[in-house]
Amino acid sequence: MDENIIEVTGLKNYLGGQWVHKDINLTVKRGEILAIIGGSGSGKTTLLRCILMLLKPTAGTIRLFNKEISHLSEQSIQALRRRWGMLFQHSALFSSMTVLENIMFPMQEFTLLNKKFMQELAMLKLSLTGLPNQAANKYPAELSGGMQRRAATARAIAMDPELLFLDEPTTGLDPIGARQFDELVVFLRDALHLTIVMISHDVESLRQCTDRVAFIGEGKVLCIAPFEELRKNSHPLIADYFSNYEE
């Protein structure tokens with residue numbers, strides 16, 4: 001039986017004098033790569049912020065790892081947050097730290113491991129993302145955009161998460177770099193048994209590496225389906241979204 005890692009039920013958000021979400025219902029199954037897409041202003045990032053417990057929804061429930069999050073203690077919230085990693089848009093690496101120091105940062109914050117062991121673990125994460133060892137002592141500004149994204153991914157998996165969130169992971173990358181990053185996402189899911197939730201408007205990424213895609217519009221999930229099925233959906237918002245896509 002498929003296990004739901006995330007369950008969003010009846011989610012509503014009233015922000016800035018308007019309903020961003022009217023009735024969001026969404027499940028994410030263990031081991032899948034699910035993308036959340038939709039037009040500008042559809043509330044993709046707002047939904048992600050609610051799941052990450054950075055924003056309290058107006059109404060509705062969210063269950064993470066079978067725990068309803070609205071009444072958790074601070075200790076329980078912190079324990080849950082240790083079970084996921086986050087790749088921010090544009091990488092968001094600390095510019096004053098080397099790549100190795102960036103990857104070690106979560107370990108220093110959340111564990112009592114000694115420095116040598118943290119360095120060894122960080123180098124393992126670095127290699128998993130396809131970066132050469134010599135990248136460890138470089139600063140983010142010395143790396144290409146694609147290498148920065150890989151370094152940020154290594155930091156996101158530093159704590160061996162079960163769940164990985166990606167916010168527009170291929171934005172700003174050239175087409176070759178973007179497709180290579182898609183391959184990395186699938187590799188990490190398979191190698192580390194991750195569940196991955198991504199926000200993306202890169203249609204080729206959706207085709208290459210997702211199991212299902214959820215389309216948000218009109219304040220709700222209009223359809224959630226495999227990419228090829230979704231792009232043939234006749235709903236006007238979905239049809240318009242994919243109107244310029246060519247295989």
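The values are calculated or read from the model by the stated rules, or taken from the named source; none is laboratory data. On a predicted model such as this, the values are computed, not experimentally measured, just so you know. Note: ideal-geometry Cβ built from the backbone for every residue, glycine included; neighbour counts use all protein chains shown.
Some points to look at:
- Residue 221 vs. criteria out of contact with any Ser or Thr (no Cβ under 8 Å at 6 or more places or on another chain), touching a residue at least 40 places away in the same chain (Cβ under 8 Å), closer than 19 Å to residue 24 by Cα and of a type in the set (A, V, I, L, M): yes
- Of all the listed residues (63, 83, 49), the sole one being without any contact (Cβ under 8 Å) to a residue 12 or more places away in the chain and closer than 26 Å to residue 206 by Cα is 49.
- Checked against the criterion of being in contact with a Ser or Thr (Cβ under 6 Å, 6 or more places away or on another chain), more than 20 Å from residue 213 (Cα to Cα) and not aromatic (Phe, Trp, Tyr), the candidates 13, 4 yield just one match: 13.
- Filtered residues of the stretch 173-185 (kept if surrounded by 15 or more Cβ atoms within 10 Å (Cβ to Cβ) and not aromatic (Phe, Trp, Tyr)): 173, 177, 178, 179, 180, 182, 184, 185
- Residues of the stretch 127-144 classified as exposed (fewer than 11 other Cβ atoms within 10 Å of the Cβ) and within 12 Å of residue 100 (Cβ to Cβ), total: 2
- Scan the stretch 13-28 for residues that are assigned to a strand (DSSP E or B) and either loosely packed, with under 14 Cβ neighbours inside 10 Å or not polar (S, T, N, Q) (or both) and the total you get is 11.
- The number of residues in the stretch 199-213 being modelled with pLDDT under 95 and among the charged types (D, E, K, R) comes to 3.
- Looking only at the stretch 168-191, and only at residues there that are more than 23 Å from residue 45 (Cβ to Cβ) and hydrophobic (A, V, I, L, M, F, W, C), the one that is nearest to the chain's Cα centre (by Cα): 186
Conditions tested, residue by residue: (1) assigned to a helix (DSSP H, G or I); (2) closer than 13 Å to residue 42 by Cβ; (3) of a type in the set (Gly, Ala, Ser).
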residue: 196; (1), (2), (3): no, no, no
residue: 207; (1), (2), (3): yes, no, no
residue: 216; (1), (2), (3): no, yes, no
residue: 221; (1), (2), (3): no, yes, no
residue: 229; (1), (2), (3): yes, no, no
residue: 239; (1), (2), (3): yes, no, yes
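- Residues being over 24 Å from residue 226 (Cα atoms) and part of a strand (DSSP E or B) - total across the stretch 44-64: 3
- Where residue 118 falls short, out of the listed (1) more than 20 Å from the chain's Cα centre (by Cα); (2) surrounded by fewer than 19 Cβ atoms within 10 Å (Cβ to Cβ); (3) not small (Gly, Ala, Ser): (2)
- The single condition from (1) touching a residue at least 40 places away in the same chain (Cβ under 8 Å); (2) farther than 20 Å from residue 214 by Cα; (3) loosely packed, with under 15 Cβ neighbours inside 10 Å that residue 70 fails is (1).
- Residue in the stretch 97-115 that is surrounded by the fewest Cβ atoms within 10 Å (Cβ to Cβ), counting only those that are hydrophobic (A, V, I, L, M, F, W, C) and under 14 Å from residue 161 (Cβ atoms): 110
- Selected residue [among the β-branched types (Val, Ile, Thr), buried (at least 18 other Cβ atoms within 10 Å of the Cβ) and modelled with pLDDT under 95] from 196, 224, 157, 216: 157
- The lone exception for residue 53 - which of (1) of a type outside the set (S, T, N, Q); (2) surrounded by 15 or more Cβ atoms within 10 Å (Cβ to Cβ); (3) touching a strand residue (DSSP E or B) at 6+ places or on another chain (Cβ under 6 Å) it fails: (3)
- Looking across 85, 41, 31, one residue alone is at pLDDT 90 or above, closer than 24 Å to residue 210 by Cβ and part of a loop (DSSP other than H, G, I, E, B). It is 31.
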